[in-house]
Amino acid sequence: VSGGTAGAQAGTLTVMVGGDAGALEAVRPGLAFAGKVVHVGGTGAGFAVKAVNNALLAVNLWAAGEGLAALARAGVEVAGALEVINASSGRSNASENLIGQRVLTREFPVTFGLGLLAKDAGIAADVVRAAGASAPVLMQTEALFRAAATVVGAGEDHTAALRLIEQMNDKEIR
């Protein structure tokens, strides 16, 4: 599933399902917690989609953090820069819904553990390897999030990964 605790509470989770499509149709009425249910292929496909989806969250979060840290070091007002980014082509879920509410405020409520995101990025890397695919950005992101989980703490919120970027740049993103 995807959608976090807010999606679970609102009954708007997205469910990615692998396996027999007929079996999914038989149980679909029992998936009332879901706002969207998508059959994505055979057995294991839902697991793979979930991992890659979370790896993409990690990619977007990390890239936005790097950009904002560079802007902060350059003396740019980060909140204003984030406002421009969110009204422009650089926006993402991470920039729109996470960085402003957690990183800029220095509040990091644990809604999704950093260690869990690192694990999911690792599963996505396993999917890439098993498919014999090329995905250097996903592979690097997995390494960065494993490092962040080690340095910042696996039990911290996933957005706290940006604290490692801050350490690397000797500058807080605020």
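Quick grid of which residues meet (1) farther than 30 Å from residue 45 by Cβ; (2) out of contact with any Leu (no Cβ under 6 Å at 6 or more places or on another chain); (3) of a type in the set (Lys, Arg); (4) not in a helix (DSSP H, G or I):
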| position | (1), (2), (3), (4) |
| --- | --- |
| 64 | no, yes, no, no |
| 80 | yes, yes, no, no |
| 97 | no, yes, no, no |
| 110 | no, yes, no, yes |
| 117 | no, yes, no, no |
| 122 | no, yes, no, no |
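Scan the range 35-55 for residues that are small (Gly, Ala, Ser) and within 26 Å of residue 118 (Cβ to Cβ) and jot them down. Quick ask: steps written out before the conclusion?
So in the range 35-55, the residues small (Gly, Ala, Ser) come out as 35, 41-42, 44-46, 48, 51, 55.
If the condition is that a residue be small (Gly, Ala, Ser) and within 26 Å of residue 118 (Cβ to Cβ), then 41, 44, 45, 46, 48, 51, 55 are the ones that fit.
Does the range 127-161 hold any residues that are without any contact (Cβ under 8 Å) to a residue 12 or more places away in the chain, of a type outside the set (A, V, I, L, M, F, W, C) and open to solvent by less than 80 Å² (accessible area, probe 1.4 Å), and which are they?
Just the residues of the range 127-161 that are without any contact (Cβ under 8 Å) to a residue 12 or more places away in the chain, to begin with: 128-136, 140, 143, 150.
Checking the rest, the ones that are also of a type outside the set (A, V, I, L, M, F, W, C) come to 129, 132, 134, 136, 140, 150.
Selection gives 132 alone.
Is the range 3-22 home to any residue that is more than 30 Å from residue 171 (Cα to Cα) and within 13 Å of the chain's Cα centre (by Cα)? Even if it seems obvious, please write down each step before you answer.
First, pick out the residues of the range 3-22 that are more than 30 Å from residue 171 (Cα to Cα): 3, 5-22.
So of that shortlist, the ones also within 13 Å of the chain's Cα centre (by Cα) come out as 3.
Within the range 3-22, one or more residues are more than 30 Å from residue 171 (Cα to Cα) and within 13 Å of the chain's Cα centre (by Cα).
Working carefully through the options 56, 68, 164, find the one that is surrounded by fewer than 22 Cβ atoms within 10 Å (Cβ to Cβ), over 14 Å from the mean Cα position of the chain (by Cα), assigned to a helix (DSSP H, G or I) and of a type outside the set (Val, Ile, Thr).
Working: 56 fails: over 14 Å from the mean Cα position of the chain (by Cα); 68 fails: surrounded by fewer than 22 Cβ atoms within 10 Å (Cβ to Cβ).
Testing whether each residue is surrounded by fewer than 22 Cβ atoms within 10 Å (Cβ to Cβ), over 14 Å from the mean Cα position of the chain (by Cα), assigned to a helix (DSSP H, G or I) and of a type outside the set (Val, Ile, Thr) leaves just 164.
If you check 59, 40, 17, 52, which single one turns out to be touching a Ser or Thr at 6+ places or on another chain (Cβ under 9 Å), at pLDDT 95 or above and of a type in the set (A, V, I, L, M)? Outline the logic, then answer.
Values: 40 fails: touching a Ser or Thr at 6+ places or on another chain (Cβ under 9 Å); 17 fails: touching a Ser or Thr at 6+ places or on another chain (Cβ under 9 Å); 52 fails: touching a Ser or Thr at 6+ places or on another chain (Cβ under 9 Å).
On inspection, the qualifying residue turns out to be 59.
Just checking, does the range 110-126 include any residue being in contact with an Asp or Glu (Cβ under 7 Å, 6 or more places away or on another chain) and open to solvent by 70 Å² or more (accessible area, probe 1.4 Å)?
yes
Being in a helix (DSSP H, G or I) and on the phi < 0 side of the Ramachandran plot is true for just one of 38, 84. Which residue is that?
Details: 38 fails: in a helix (DSSP H, G or I).
Step by step, each of 38, 84 is checked, and only 84 is in a helix (DSSP H, G or I) and on the phi < 0 side of the Ramachandran plot.
The values are calculated or read from the model by the stated rules, or taken from the named source; none is laboratory data. Everything numeric in this text was worked out from a predicted model, so none of it was measured. Heads up, the Cβs are rebuilt from the backbone with ideal geometry, glycines too, and the neighbour counts pull from every protein chain shown. Ligands, DNA and RNA are stripped out before the accessible areas are found, and what is left, the full protein with its side chains, is counted by its heavy atoms. Shrake-Rupley method; radii C 1.70, N 1.55, O 1.52, S 1.80 Å.
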